[in-house]
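A.B. asks: What follows is a single structure, and I will ask about it in a moment.
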Protein chains: 2
Amino acid sequence: MGLTKSEIFTEAQNQISSIAKVFGHPARVAILQHLFKTNSCICGDLVDEIGLAQPTISQHLKELKNVGLISGNIEGTSVCYCIDKANWSKMKTIINDFLNQDVNENTNCC
Amino acid sequence: MGLTKSEIFTEAQNQISSIAKVFGHPARVAILQHLFKTNSCICGDLVDEIGLAQPTISQHLKELKNVGLISGNIEGTSVCYCIDKANWSKMKTIINDFLNQDVNENTNCC
DNA sequence: TTATTATATTGCAATATTACGATTAATATG
DNA sequence: CATATTAATCGTAATATTGCAATATAATAA
């Protein structure tokens, strides 16, 4: 197997998990933090910042692009990446709604 | 390869990603939602609720236990699971701090 | 045109994850 | 005790992910 049975889950459950999955690798967390920290578009210096090979960084950037969290603008021979603010907000709402669930103190048994 | 290079990332980055990784599968999202919804401990009926085999559910529960998000109490021949509220709160803070980063509007270029 | 530079893609090896049947361990119940 | 019930563990097959060398592509510079 090794194949997630997405069909048996709700769209919301699949959405939450696919967003979370993207955050589930330290390189992608580091890339996002760097994009936030510099407050501007970042190109190839991510390879120097993070200690991974260029194709590996490129692959992680692609995954971040696929879920829409970042976008890239071509600037001469380099590409300029930055956070997609609108999608970041949407995503934040989805994750927050999930995290802010609360257990009912009364009926809990452990 | 296939081995994440955790050594090159900060402890915080690794912590964020390992929490997110747990949410990165719809079955675990569904399990947590069910534990919240029922407001009480759930045992083997997770297997009926979610459409996965018993060993698979057991494996996902183990991962949730490993990061401390749930705990299980043995009750006769069955096991009673519930959200670990204290750890859930701690985790929520860590993820929220990451999600609430904001880009500086002024210096953004895309 | 021919470099040069920067990023993407391909291909592949190593490892991880998902899922489940079979089995085991522990506790109930007759 | 024998047997059912419940959940964990083991073993394994299928697929996914991570990482990188090699190569391709695209844009600019000389």
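The values are calculated or read from the model by the stated rules, or taken from the named source; none is laboratory data. If you're wondering where the values come from, they're calculated on a predicted model, not measured in any experiment. All Cβ positions, glycine included, derive from the backbone under ideal geometry; neighbour counts span all protein chains shown. Areas reflect the complete protein model, heavy atoms only, side chains present, ligands, DNA and RNA absent. Shrake-Rupley method; radii C 1.70, N 1.55, O 1.52, S 1.80 Å.
A.B. asks: Quick one: residue A:4 ticks every box in (1) in a loop (DSSP other than H, G, I, E, B); (2) farther than 23 Å from residue B:57 by Cα except a single one, so which number is it?
C.D. replies: Failed condition: (2).
A.B. asks: Look at residue A:59 and say whether it is more than 8 Å from DNA strand C (Cβ to nearest atom) and open to solvent by 40 Å² or more (accessible area, probe 1.4 Å). Break it down into steps so the answer makes sense when it comes.
C.D. replies: Values: more than 8 Å from DNA strand C (Cβ to nearest atom): no; open to solvent by 40 Å² or more (accessible area, probe 1.4 Å): yes.
Answer is no for this residue.
A.B. asks: Shifting gears a bit: So, in region A:71-99, exactly how many residues are at the interface with chain B (Cβ under 9 Å from one of its Cβ atoms), open to solvent by less than 50 Å² (accessible area, probe 1.4 Å) and either farther than 20 Å from residue A:21 by Cα or among the β-branched types (Val, Ile, Thr) (or both)?
C.D. replies: Going through region A:71-99 one residue at a time, the tally reaches 5.
A.B. asks: Does residue A:31 qualify as being over 30 Å from residue B:51 (Cβ atoms), of a type in the set (A, V, I, L, M) and at pLDDT 95 or above?
C.D. replies: Numbers: over 30 Å from residue B:51 (Cβ atoms): yes; of a type in the set (A, V, I, L, M): yes; at pLDDT 95 or above: yes.
Yes: the conditions hold for residue A:31.
A.B. asks: OK, next. Which residues, taken from region A:1-43, are touching a residue at least 24 places away in the same chain (Cβ under 8 Å) and either hydroxyl-bearing (Ser, Thr, Tyr) or touching a strand residue (DSSP E or B) at 6+ places or on another chain (Cβ under 6 Å) (or both)?
C.D. replies: A:18, A:35, A:40, A:41, A:42, A:43 - these are the residues of region A:1-43 that are touching a residue at least 24 places away in the same chain (Cβ under 8 Å) and either hydroxyl-bearing (Ser, Thr, Tyr) or touching a strand residue (DSSP E or B) at 6+ places or on another chain (Cβ under 6 Å) (or both).
A.B. asks: If you don't mind, another one. Take residue B:67 and tell me if it is touching a residue at least 24 places away in the same chain (Cβ under 8 Å) and within 16 Å of DNA strand C (Cβ to nearest atom). Steps first, please.
C.D. replies: Details: touching a residue at least 24 places away in the same chain (Cβ under 8 Å): yes; within 16 Å of DNA strand C (Cβ to nearest atom): yes.
Here the answer is yes, as residue B:67 does meet what is asked.
A.B. asks: Is there a residue being away from DNA strand D (no atom under 11 Å from the Cβ) and in contact with a His (Cβ under 6 Å, 6 or more places away or on another chain) anywhere in region B:33-52? Don't jump to the end; show me each part of the working.
C.D. replies: We begin by selecting, within region B:33-52, every residue away from DNA strand D (no atom under 11 Å from the Cβ); these are B:33-40, B:49-52.
Then drop every residue that is not in contact with a His (Cβ under 6 Å, 6 or more places away or on another chain), which leaves B:49.
Yes.
A.B. asks: Just the residues that are in contact with a Pro (Cβ under 6 Å, 6 or more places away or on another chain) and near DNA strand C (Cβ under 8 Å from one of its atoms), please, taken from region B:14-29.
C.D. replies: Step one: list which residues in region B:14-29 are in contact with a Pro (Cβ under 6 Å, 6 or more places away or on another chain), which gives B:14, B:17.
Hits for region B:14-29: nothing passes.
A.B. asks: Something else now. Going through region B:72-98 one residue at a time, which ones are under 12 Å from the mean Cα position of the chain (by Cα) and in a strand (DSSP E or B)?
C.D. replies: B:83
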